[in-house]
Amino acid sequence: MTYQETIDYLYHQLPLFERVGGSAYKAGLDTSIQMDGFLGNPHRRYKTIHVAGTNGKGSTSHMLAAILQAAGYKTGLYTSPHLKDFRERIRVNGEMIPQQKVIDFVQTYAATFEPLHPSFFELTMEMAFDYFADEQVDIAVIEVGLGGRLDSTNIITPILSVITNISFDHQQFLGDTLEKIAFEKSGIMKPHVPVLIGEAEGSVKEIFTSRAHQVNSPLYFAEEMLHLQHEEPSGSFYNMEYGNIKPGLKGLYQGKNLTTVLASANLLRQQGIELPANSVQQGIERVVELTGLQGRWQVLQHQPLMICDTGHNEAGIRYVMQQLLQLSYRQLHIVFGMVSDKDPSKILPLLPPQAIYYFTQAAIPRALECHQLQQQAALLGLNGTAYSSVEEAVKMAKHAANDDDVIFIGGSSYVVAEAL
């Protein structure tokens, strides 16, 4: 098999949630446990950190990996989805898994695993775990795919569990209340494994507290562990222990993630992981360079300023719009698309009516049809034109914008991926 044939197999022979949605979702750990056992439980050969949450878990995972790298640890990083290249999901010290390793894994194990009918995510996860073991990583940061309790990554027993926050997303699988979603995320808690909560209040906080007590998991809340002072207008943050830090990831919401990351570093230190303050600072400031993360308030060009962000649910879009409206511009242009299992009635009211819109759709079956999105947006006074491809939408926005305008691209990770 060539690399392209291997990728085609992964995309088209295995159910892929990112492309088709709910029909590809497999709740439960049985398949992962069987596959992992066949491989000799590779994840037990190195330490792991498990990261769940509705928003910020990707950024948090990358910052933690960057800190560990900066401190000299050989670090694995498993995240999803990817934006441009499948291999972004599996990295060691920031380097993507080689193409040949992807080919070799699929050729060696696909026939064995096919009777189990694994999902794309399950097979990819096992590829990552096996690769990390082969590479003899010291520690791996593992991002939850969806939820927590029934997510296939939940077969690991980490040295630290992290839950960034809880908001509405994937309600069809996780539940239609924040309490139900919190219960699913809390399923990553393990006996005697410290768990850190980035943000929680009220009944959600009570659920985390109750669950941690049930499984005998030491529970910590990031905002109770340390205080960050935002230094305006430089965009940096100050903490007494770590000094002045200017995050490599831009965006107002990264301040929340940074509190979680620094609190995680403190808990890792308590377990004997040596993380000097300068390594923590360096990892956070150089996270893009060290891990290759893209799509988080990423500036694509200047004059006109063009920015993309992968925020795609209600809370994520709210944060992004808050920051977008702080920019100075003559006219705001927004290239926007969604997936069909998100509720436009929850997202569209968060968008500014004064912008010019370029409604579009990513080239995946799961995309919401652009004319349908345009029609729903028009009911809320959001006016623009529908374009059947992201490429065309971006091209038209760039053509219409003046140098002192701003173009924003978002609404879906897949729209951002195609723009990149």
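Restricting 305, 300, 258, 275 to those that are crowded, with 18+ Cβ neighbours inside 10 Å and either in contact with a Gly (Cβ under 6 Å, 6 or more places away or on another chain) or closer than 25 Å to residue 405 by Cα (or both) reduces the list to 305. Being crowded, with 22+ Cβ neighbours inside 10 Å, within 21 Å of residue 153 (Cβ to Cβ), touching a residue at least 24 places away in the same chain (Cβ under 8 Å) and not small (Gly, Ala, Ser), is that true of even one residue in the range 209-218? Among the residues of the range 209-218, not one is crowded, with 22+ Cβ neighbours inside 10 Å, within 21 Å of residue 153 (Cβ to Cβ), touching a residue at least 24 places away in the same chain (Cβ under 8 Å) and not small (Gly, Ala, Ser), which makes the answer no. Contact map, the range 261-274: residues that are among the basic types (Lys, Arg) paired with residues that are outside any helix (DSSP H, G or I), Cβ distance under 7 Å, separation 6+ or inter-chain. Pairs shown: 269/275. Checked against (1) without any contact (Cβ under 8 Å) to a residue 12 or more places away in the chain; (2) under 23 Å from residue 302 (Cβ atoms), residue 397 passes all but a single condition, namely (1). Which residues, counting only those in the range 107-130, are surrounded by 22 or more Cβ atoms within 10 Å (Cβ to Cβ), of a type in the set (D, E, K, R) and modelled with pLDDT under 95? Listed by number, the list holds a single entry, 122. Of the helices (runs of 4 or more DSSP H) lying entirely inside the range 177-243, those containing at least 1 residues that are over 18 Å from residue 281 (Cα atoms) and basic (Lys, Arg) are 178-185, 202-215.
Among the residues making up the range 118-138, a single one is of a type in the set (A, V, I, L, M) and part of a loop (DSSP other than H, G, I, E, B): 137. I want to confirm something. Restricting to the range 88-104 and keeping residues that are more than 15 Å from the chain's Cα centre (by Cα) and closer than 12 Å to residue 10 by Cβ, which single residue is surrounded by the fewest Cβ atoms within 10 Å (Cβ to Cβ)? Result: 103.
The values are calculated or read from the model by the stated rules, or taken from the named source; none is laboratory data. Being a predicted model, the structure only gives us computed values, none of them experimental. Cβ: placed from backbone, ideal geometry, glycine included. Neighbour counts: every protein chain shown.
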